[in-house]
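The values are calculated or read from the model by the stated rules, or taken from the named source; none is laboratory data. What you are looking at is a predicted structure, and each value in this text was computed from that prediction instead of being measured. Note that each Cβ is placed from the backbone with ideal geometry, even for glycine, and that neighbours are counted across all protein chains shown. For the accessible areas, the whole protein counts, side chains as well, though only heavy atoms, and no ligand, DNA or RNA atoms are used. Shrake-Rupley method; radii C 1.70, N 1.55, O 1.52, S 1.80 Å.
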Protein chains: 2
Amino acid sequence: MPLTLEEIGKLAGVSRSTVSRVVNGSANVSEVVRERVGQVIHQTGYHPHAAARSLVTHRTRVIGVVIPEALTKLFTDPFFPLLLRGVTETCNSHDYHLMLSLFSGPDGQFDMHRRVIRSGYLDGVIMASTRLDDPLVARLLQDKVALVMVGRHPDERVNYVDTDNLGAARMATEHLIRLGHKKIATLTGPLNMLQAQDRVAGFRQAMDAHRYSLPESLVVEGDFTEGSGYEGMTRLLAVRPSAVFAASDAMAVGALKAIRHAGLRVPDDIALVGFDDVPIAEAIEPALTTVRQPIERLGSMATELLLTLIEAGSSEEPRLVQRIVLPAELIVRQSCGALR
Amino acid sequence: MPLTLEEIGKLAGVSRSTVSRVVNGSANVSEVVRERVGQVIHQTGYHPHAAARSLVTHRTRVIGVVIPEALTKLFTDPFFPLLLRGVTETCNSHDYHLMLSLFSGPDGQFDMHRRVIRSGYLDGVIMASTRLDDPLVARLLQDKVALVMVGRHPDERVNYVDTDNLGAARMATEHLIRLGHKKIATLTGPLNMLQAQDRVAGFRQAMDAHRYSLPESLVVEGDFTEGSGYEGMTRLLAVRPSAVFAASDAMAVGALKAIRHAGLRVPDDIALVGFDDVPIAEAIEPALTTVRQPIERLGSMATELLLTLIEAGSSEEPRLVQRIVLPAELIVRQSCGALR
DNA sequence: CCAGGGCGTGGGAGCGCTCCCATGAAGGAC
DNA sequence: GTCCTTCATGGGAGCGCTCCCACGCCCTGG
C-alpha cells in the first residue's frame, strides 16, 4: 500500500533518482519529466517515507516542546495552550512537526533525554516553564541540541525568548503612581523564580524612579497562588497600602477576597493590579486591571528562532546566542480605579 | 558521536545482532554477554536510532493528537491542557511519544493528512473537538489509520471515549428538581454539536421522568459562549423560570449577568447550574454549581485504547469497535441554592 | 561412539531514501 | 568532423536497524 520512490519511478517511466529530484525540487530535471512525475505523485498521493528520509539526512523536521513540570498551576491558566498555538502555527507554516513532552517528575526527564534526544527523534527543543536549576538544561546544552527557552535563563549559552517582566511590572506600578497612589505595596511570586524576581525588580525600579520610599513591609512574598495572595494581603492590611501590585492574577483574586473580608472595597479603598490576564481577570467584579503577555508570539518567535538554529546547524560552531524580549501590555479595567 | 549497534558490539566484543537482542530483551542471550553488553550500553548512553528502527519495523511509537479547529474557545478553558495531560501520562508510561497537530483551517488538515499520516510519522491518531462533518475523519477511516476520538461520533467504525453528557445533564437537572424547582429552563449549546444535543436530551429525560411539562419557551439555544448565555437568559426572563441549567459555564456566567441586570438574585430568585467546571466557576460570586468532566481520564483512556488498537493492528481485520463513556460529577456550590 | 537437537552467536539482506558518480546524448567551438 | 562541455538521467552505496538463516558448540540418547 505505501508507495516507494521506485514504484513511482516505474509508473512514470523514470528512475528512483529522478523522482527524488522532483520531490525535492532540485534543478536539472527536464520540464517534461518533472510534469509527468508530478502527475503520478499527485494521482497516487505518494509521500516520502519520513523514517527512510531522516535515516540519511539526519533531520526529522520535528521539534520538541518540553514542559518539565506539568504542575496543576499550568493547567488552570491559558499560558500553555496559547504558547502551543504559537508554536504550532510556526511549525505548520514551515512544514515542521511538534512533539510534546510533559513531565510530572524529574525521573521522567531523564528517560526523555535518552529516548527522545539520543534516538534522533528531534531536530531541536523548546523548553518552557523551566525551573532555574533544571538539570535537563545542562544536559541538552552539553549534547549540543538546538535549544530555545521560553522564559529567560542565566546560562550564557542559552537562547531564549521572554516577556519583559521587569518592564511590565514597572509599567503597572507607574500606572498606580500616575493615579496618585502614595503607598503602594506588592505581592511577589516565589523569589526563587526568575520571573518573580524580575517583577519585583520592575516594581522597585518604578518606586525608585519616583523617589518613593519602600519599607520592606510593603513587599510580601507569595507563590503565585490565590491562597498566598489572600494571606499576603491580610498581612499587608496592617500597613494599609492604598494600592497593591500582585505578581499574578490568582494572587490578585486572593487579595481581593482578603480586602473584602476586611470590609474594604476595591478600588475605592485599595486599588489592585494583577499580572497575566487570565480569563478570570475579566469575569470577576470589579474586573481586574492586569498585564497581558504576548504568549502566542512568544511561542511563535521561539519556534522561528529554533528553526533558524536548526537550519544553520550544519555551519561552524560559534553560532550567535540570541535573546529576544517582548513587551507586555497593560490592560486597564476597574480594579485600579482609573476607569469611571 | 551518535553510536551504532555495530560500535557497541565492537566495544563489548560481540556482533551487532547480539547487541540488538540485548536492547530488545530477546531470549537466547547468555547471562554473561547480556551483562557485559548492558554495561557498555549504560556507559556509552547508547540509544537505538528511531528512524532506522522504524524503517524496518514500520512502527514509530509516536501517536498524534489532532485538534482540527484550534478556536479561541478551546483556549479559554482547561479542556485541552487536561486532555493532553492524560494523553502524555499514558504515553510516557508506555514509552510512546506524542505529536500534536493543531489546525486553524481545513486546508491545513489536508496537508497534515499527507505529511503526517502518509509519511509514516504516526502509529495512530487521537482526534478531539471534532465537528460532526469533519472530512478528516472519513479520510483517516479510509486509510485504516488506528483512530480513537474524544467525544462521540456517529460513524459506526469509530472508536471513541466520551463523557456521559446525557447522564450528566440529567443529573444536573434532577438536582434542581430535587431542590423543589417547578419551572426549569435550559440554555443549550449549538444544536449542530453532538455534545450540545446530548445535554438537552439529558435535560429532557429528567423533565419527562418527573412529568414536568416543558413548553418550548423554556429551551433556548445558544452557542456555549457567555454572550449567548446573556442573550438567552434575557429572553428566558420573560417566562421567569425558577431555575436554569446552562450547557456551559460560560453561558451560566452570561446568564448570571443578565439576571443581575434584571435586578434579580442568584440563587434566591433564580437558581443556576452550569457545565464544565472551568476555574471561573469557582471564582465568581456566587460560586457556580456545575458538572465536572473527567477530562484527564478521557485523555488517558483514549490513549490506552489507541495503543491497544495499534498493538493489535497486525492481527486480522475485523477488530472490535470500542466505545467508552465515562460518568461526570456534579459539583454543588452556591448558585443552585442547595448550600446554606 | 556418533547422530541429532537444542542454544548462543554472527552475518547477509533489505527497509526507502539521499548522495554521488558514471553514462550518454546534445550542443558549441574549433 | 572532432573534441570538449553541459545537462538529464540511471544506478550503486550506504544510513542503522531488524529479521532470518547458517554455523558451531555442547548436551543427550541410542
remark   = Judged on accessible area alone, 1.4 Å probe, highest first, A:SER335, B:SER104 line up as B:SER104, A:SER335
ask   = Considering only the label points, 7 Å along Cα→Cβ from Cα, what distances in nm to one decimal separate A:SER26 from the same position in each other copy, shortest first?
value = 3.5
FRET efficiency estimate (nearest 0.05) - Cβ-Cβ, A:GLU35 to A:LEU339, R0 60 angstrom = 0.40
ask   = Charges only on Cβ, +1 for Lys and Arg, -1 for Asp and Glu: so what's the dipole of chain B about the Cα centre, in debye to the nearest 20?
value = 220 debye
request  = Report the local net charge at B:ARG85: Lys and Arg +1, Asp and Glu -1, summed over other residues whose C-beta lies under 11 Å from its C-beta.
outcome  = -1
query = Give me the log10 of I(q) over I(0) for the stretch B:134-173 at q = 0.15, 0.22, 0.34 Å⁻¹, as the Debye formula computes it from C-alpha points; what are the numbers?
reply = -0.44, -0.70, -1.18
request  = In debye, nearest 20, what is the charge dipole magnitude of the protein assembly as shown about its Cα centre with +1 on Lys and Arg Cβ and -1 on Asp and Glu Cβ, if you could check?
outcome  = 20 debye
ask   = Label-to-label distances across copies for A:SER15, with labels 7 Å out along Cα→Cβ, in nm, shortest first?
value = 3.3
Residues B:ARG59 and B:GLU6, FRET efficiency given R0 of 22 Å [Cβ-Cβ distance, rounded to 0.05] = 0.50
request  = For the stretch A:233-286, report the translational diffusion coefficient in µm²/s to the nearest whole number, using Stokes-Einstein at 20 °C, 1.002 mPa s, and a Kirkwood Rh over Cα pairs.
outcome  = 194 µm²/s
key: Extension gain, A:LEU141 back to A:ARG114 (0.36 nm per residue minus Cα-Cα distance, nm)   = 8.3 nm
key: When the convex hull of its Cα atoms is projected in every direction, mean area for chain B (nm²)   = 22.0 nm²
ask   = Using the heavy atoms of the protein chains alone and a 1.4 angstrom probe, what is the accessible area of the protein assembly as shown per residue in square angstrom?
value = 45 Å²
message = With a 1.4 Å probe and all protein chains kept in place, how much accessible area does A:GLU304 have, in Å² rounded to the nearest 10?
response = 80 Å²
note = Extend 7 Å from the Cα of B:HIS210 along its Cα-to-C-beta direction; within the stretch B:154-179, residues with backbone N under 16 Å of that point are B:167-179
B:ASP162 long-range amide H proximity, modeled H, under 5 Å = B:GLY151, B:ILE324, B:VAL325, B:LEU326
ask   = Dimensions of the stretch B:165-293 along principal axes (Cα, Å, largest first)?
value = 32, 27, 24
task = Please work out whether the protein assembly as shown counts as rounded, prolate or oblate from its C-alpha gyration tensor, where a ≥ b ≥ c are the square roots of the eigenvalues and a/c under 1.5 means rounded, while otherwise a/b larger than b/c means prolate and anything else oblate?
result = oblate
key: Positive dipole terminus of chain A, leading residue within A:GLY274, A:ALA138, A:LEU339 (C-beta point charges)   = A:LEU339
ask   = Check B:SER104: other-chain or 5+ apart residues with amide H under 5 Å from its amide H, H built from backbone geometry?
value = B:ALA70
Bridge type composition, the protein assembly as shown - antiparallel percent by DSSP, nearest 5 = 10 percent
remark   = With one decimal in nm and the nearest listed first, the spacings from B:ARG211 to its own position in the other copies, using label points 7 Å along Cα-to-Cβ, are 8.3
note = Charge dipole of chain B built from unit charges on the beta carbon (Lys, Arg +1; Asp, Glu -1), centred at mean Cα; most positive-end Cα among B:MET233, B:VAL291, B:ILE41 is B:ILE41
task = Starting from the Cα coordinates of the stretch A:5-48, work out the convex hull volume and express it per residue in Å³.
result = 57 Å³
note = Restricted to chain B, the DSSP antiparallel beta bridge percent, nearest 5, is 10 percent
query = What is the dipole size for the stretch B:194-320, taken about its Cα centre, with +1 at each Lys and Arg Cβ and -1 at each Asp and Glu Cβ, in debye to the nearest 20?
reply = 580 debye
ask   = Between the stretch A:264-340 and the stretch B:253-293, how many Å separate their Cα centres?
value = 29 Å
request  = Ignoring everything but the protein chains, give the 1.4 Å probe accessible area of B:PHE79 in square angstrom, nearest 10.
outcome  = 40 Å²
query = Anyone know which of B:GLY45, B:GLY167, B:GLY86 comes out most mobile in the 10 Å Cα GNM of chain B?
reply = B:GLY45
task = Would you please give the residues with an amide H less than 5 Å from that of A:GLY124, counting only those at least 5 places away or on a separate chain, with H modeled from the backbone geometry?
result = A:GLY64
ask   = Among A:VAL65, A:ALA255, A:SER101, whose Cα sits farthest toward the positive end of the charge dipole of chain A (+1 at Cβ of Lys/Arg, -1 at Cβ of Asp/Glu, about the Cα centre)?
value = A:VAL65
inquiry  = As a test of understanding, state the convex hull volume per residue of the stretch A:246-340 from its alpha carbons, in Å³.
reply    = 102 Å³
